[in-house]
Amino acid sequence: MANRLAHETSPYLLQHKDNPVDWHAWGPEALDRARTEDRPLLVSIGYSACHWCHVMERESFEDPDTAALMNERFVCVKVDREERPDVDAIYMEACQAMTGHGGWPLNAFLTPEQVPFYVGTYFPPGPRQGMPAWRQVLEAVATAWDERREEIRSGSERIVERLKGGALLEPPAGDLDPRTLDAAARDIAASHDDARGGFGGAPKFPMSSAIELLLRRGRAETAATTLRAMASGGIYDQVGGGFARYSVDAVWLVPHFEKMLYDNALLARAYLHGWLVTGEELFRTVCEETLDWALREMQAPEGGFYSALDADSEGEEGRFYVWTIGELHEVLGGEAEEAIAWFRATEAGNFEGRNILTRGGGPAPAGLPAWRRRLYEARAERVWPGLDDKRLTAWNALMVSALAEAGAVLGREDYLDAAGRCADFLLTQLRDADGRLLRTYKDGDARLLGYLEDHGFLLEALISLYEASFEPRFFHAARELADATIGRFADEQRGGFFETAHDHEALVARRKDLEDTPIPAGNSSVAYGLLRLAALTGEAAYEERAVGVLTLLHEIAGRHPLAFGHLLQALDFHMAAVREVALVGPDRAPLERVVRRAFRPHLVLAGGEADGVPLLEGREPVDGRAAAYVCERFACRAPVTEPEELSALLG
């Protein structure tokens, strides 16, 4: 018989609906029951593409005896961390504070008042490698609660204060300093693995925000080394395009095979910008292959994008993606030997007797597109990894940004169309009855009020989509969203923005989303979006709110630049001489191409009909010809009509 999770829409929660555990979703029912029965909460947090989450489910949550113990002693709650980043962030903070590490699955034992008193990650069914058995943990925690609950409660106030984390951060004295940016880029470059790309050692994550900052601060070769290494390794799907979550080794060979929408959106933009800066054709190819993969495998019928593809299929991690030499011969026939050499496959394999395909050196063989197509068709006949088909506003917004910019730069109308469809989906279907932005959508059901990152990522996406399409409705939607974000999330005391809205459900702590790992933080994104919107509108109030974020975080960002790459990009934009470019009149395409053919991170762009866009007000064609108006630091140049003239103005 299914448990309460059968009524949820999250694929991760639905995976647990047939467990014998009496799971609740996070919400009033579970919290009220814990208070009424004075019973501790067991909050188990994970996500659908999490390998060890699946392992713990098979080993423990599907076991009737273990489930009976859980049901007898605890109020058991399952949380999808992707739907509830607020809950996840609180108890991950607790885990890291109590144990020195974190990860998923995350298992937290809470008082009925939601205060954590014991937290861990994966626990095996029997003692192993220094870890206690899950049943031992359950019995020990239950006994501690029975015998020492008042002692446990006595430390709650101190723990709650700690859980507020960055929300307690006060803005430091002193002005914003442009030297912070040079020092940050220097420190990031110093941590770079110049031989193998990436930052630090294994495991290696594709740190898009750090790469983007390096491209902005004149360290293109460092960024290119990492882009090149990732594109050549097993972390990149050499057959179907798209990137896995991270590499378990230092050479980008063996990935953790799950594919996340957010990684691929961020990396597509990083590769696009890498191509614009360096001209290296591989980077353009990877950008397009990644976005093509997203359109082919991740786009839902209504225009939104699914969240993730699992790492596992047929009970094995990576099984869908790896090949034996025999399989390559069977698919490619007489061309197999050349392809095997290019993909660096061997009889012994490089992953459990099979081959993760990698990219050969030198120019790509003429047969590569045909090999990829045939291998893809053969692979499509295999058992596919599980698909997490919920649509998250924040992650969809990241994909809108990538598709919009790539579509405009590369002349890909299909990308622009997809960006517009997805934005329309978010603006219409991810709303409640009062028009407020929601977090998640599946099977026609949108739910959960949006978090700061949902608002920030969508704000940036709508601005990018306006700049790419010149459709004024996206500009107006961005402005409306910015105003709503300020009204609902701003911290009027310390500056910056809270992760949750002022009227969000009361949790044990109200936190701020600060660090840009693995994706930009809500504060960084809102700040960057507001700065761009200020340049497009001339509204100083938007800039003031953004500067509040920069003031709050610039010192800590300078000390830990790898963790604040997007915030530092916003600071870089704020410190730069930003150009405001307006294109008006018929046949603007030649002027547009001038603007889009180079990486111009310190520029905002408007075009087409004014229709309430301030940067276009009063701007007219010159002698009936399309004209470009360029302004910088509150001063405007005379309009120009020739592409060469505009190119000279922009440098």
*Given (1) farther than 22 Å from Ala484 by Cα; (2) under 20 Å from the mean Cα position of the chain (by Cα); (3) in a helix (DSSP H, G or I), index of the condition Pro518 fails*: (3)
*Just need a number here: residues in the range 336-359 that are in contact with a helix residue (DSSP H, G or I) (Cβ under 8 Å, 6 or more places away or on another chain), more than 19 Å from Gly242 (Cβ to Cβ) and crowded, with 17+ Cβ neighbours inside 10 Å.*
5
*Do you know which residues across the range 209-221 are assigned to a helix (DSSP H, G or I) and buried (at least 20 other Cβ atoms within 10 Å of the Cβ)?*
Ser209, Ala210, Ile211, Glu212, Leu213, Leu214, Leu215, Arg216
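Every residue, every condition in (1) crowded, with 22+ Cβ neighbours inside 10 Å; (2) within 26 Å of Leu14 (Cα to Cα), yes or no:
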position	(1), (2)
Lys78	yes, yes
Ile90	yes, yes
Pro125	no, yes
Asp146	no, no
*Scan the range 27-69 for residues that are more than 18 Å from Asp80 (Cβ to Cβ), surrounded by fewer than 20 Cβ atoms within 10 Å (Cβ to Cβ) and among the hydrophobic types (A, V, I, L, M, F, W, C) and report the count.*
3
*What about Arg421, is it in contact with a Ser or Thr (Cβ under 7 Å, 6 or more places away or on another chain) and not hydrophobic (A, V, I, L, M, F, W, C)?*
no
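If you scan the range 445-496, which residues turn out to be of a type in the set (Phe, Trp, Tyr) and in a helix (DSSP H, G or I)?
Selection gives Phe457, Tyr466, Phe474, Phe475, Phe489.
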*asked:* The conditions are (1) without any contact (Cβ under 8 Å) to a residue 60 or more places away in the chain; (2) part of a helix (DSSP H, G or I), and Asp18 fails exactly one of them. Which is it?
replied: (2)
*So which of Gly197, Gly234 is closer than 21 Å to Ile519 by Cβ, of a type outside the set (S, T, N, Q) and surrounded by 18 or more Cβ atoms within 10 Å (Cβ to Cβ)?*
Gly197
*Looking at the range 312-335, which of the residues that are at pLDDT below 95 and in contact with a helix residue (DSSP H, G or I) (Cβ under 7 Å, 6 or more places away or on another chain) is nearest to Glu381 (Cα to Cα)?*
Asp312
*Can you confirm whether the range 582-599 contains a residue that is surrounded by fewer than 21 Cβ atoms within 10 Å (Cβ to Cβ) and closer than 26 Å to Val547 by Cα?*
yes
*Tell me which residues, restricted to the range 246-291, are over 28 Å from Gly315 (Cα atoms) and not in a helix (DSSP H, G or I).*
Gly279, Glu280
_If His16 meets every condition in (1) over 27 Å from Tyr246 (Cβ atoms); (2) within 28 Å of the chain's Cα centre (by Cα); (3) not basic (Lys, Arg) apart from one, which number is that one?_
(1)
*For the range 611-641, which residues satisfy the criterion of being in contact with a strand residue (DSSP E or B) (Cβ under 7 Å, 6 or more places away or on another chain), assigned to a helix (DSSP H, G or I) and farther than 14 Å from Arg579 by Cβ?*
Leu616
*Looking at (1) more than 18 Å from Thr517 (Cβ to Cβ); (2) under 25 Å from the mean Cα position of the chain (by Cα); (3) in contact (Cβ under 8 Å) with a residue 60 or more places away in the chain; (4) part of a loop (DSSP other than H, G, I, E, B), which is the only condition Pro206 fails?*
(1)
*Of the conditions (1) touching a residue at least 12 places away in the same chain (Cβ under 8 Å); (2) assigned to a loop (DSSP other than H, G, I, E, B); (3) not aromatic (Phe, Trp, Tyr), Ala294 fails just one. Which one is it?*
(2)
*What tally of residues in the range 306-326 results from selecting those that are more than 21 Å from His256 (Cα to Cα) and touching a residue at least 12 places away in the same chain (Cβ under 8 Å)?*
1
*Determine if the range 492-511 includes at least one residue that is touching a Phe, Trp or Tyr at 6+ places or on another chain (Cβ under 8 Å), crowded, with 23+ Cβ neighbours inside 10 Å, small (Gly, Ala, Ser) and not assigned by TED's automatic domain parsing to the domain that holds Leu616.*
no
*Which one of Ala541, Ala546 is in the same structural domain as Ser401 (by TED's automatic domain parsing), over 26 Å from the mean Cα position of the chain (by Cα), in a helix (DSSP H, G or I) and not β-branched (Val, Ile, Thr)?*
Ala541
_Selection count where residues are of a type in the set (Ser, Thr, Tyr) and under 13 Å from Ala308 (Cβ atoms), scope the range 391-407_ = 0
_Ala345 being under 20 Å from Leu253 (Cβ atoms), without any contact (Cβ under 8 Å) to a residue 40 or more places away in the chain and either assigned to a loop (DSSP other than H, G, I, E, B) or polar (S, T, N, Q) (or both)_ = yes
*Kindly indicate the residue of the range 410-433 that is more than 24 Å from His455 (Cβ to Cβ) and without any contact (Cβ under 8 Å) to a residue 40 or more places away in the chain and also surrounded by the fewest Cβ atoms within 10 Å (Cβ to Cβ) among those meeting that condition.*
Glu413
*Flag if Thr358 is among the β-branched types (Val, Ile, Thr), farther than 20 Å from Leu533 by Cβ and under 17 Å from the mean Cα position of the chain (by Cα)*: no
*Filter the range 37-71 down to the residues that are of a type in the set (S, T, N, Q) and outside any helix (DSSP H, G or I), then identify the one that is nearest to Ala108 (Cα to Cα).*
Ser44
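The values are calculated or read from the model by the stated rules, or taken from the named source; none is laboratory data. The shown structure was predicted, so the numbers you read here are calculated from the model rather than taken from an experiment. FYI the Cβ positions are ideal-geometry reconstructions off the backbone, even for glycines, and counts take in every protein chain you see.
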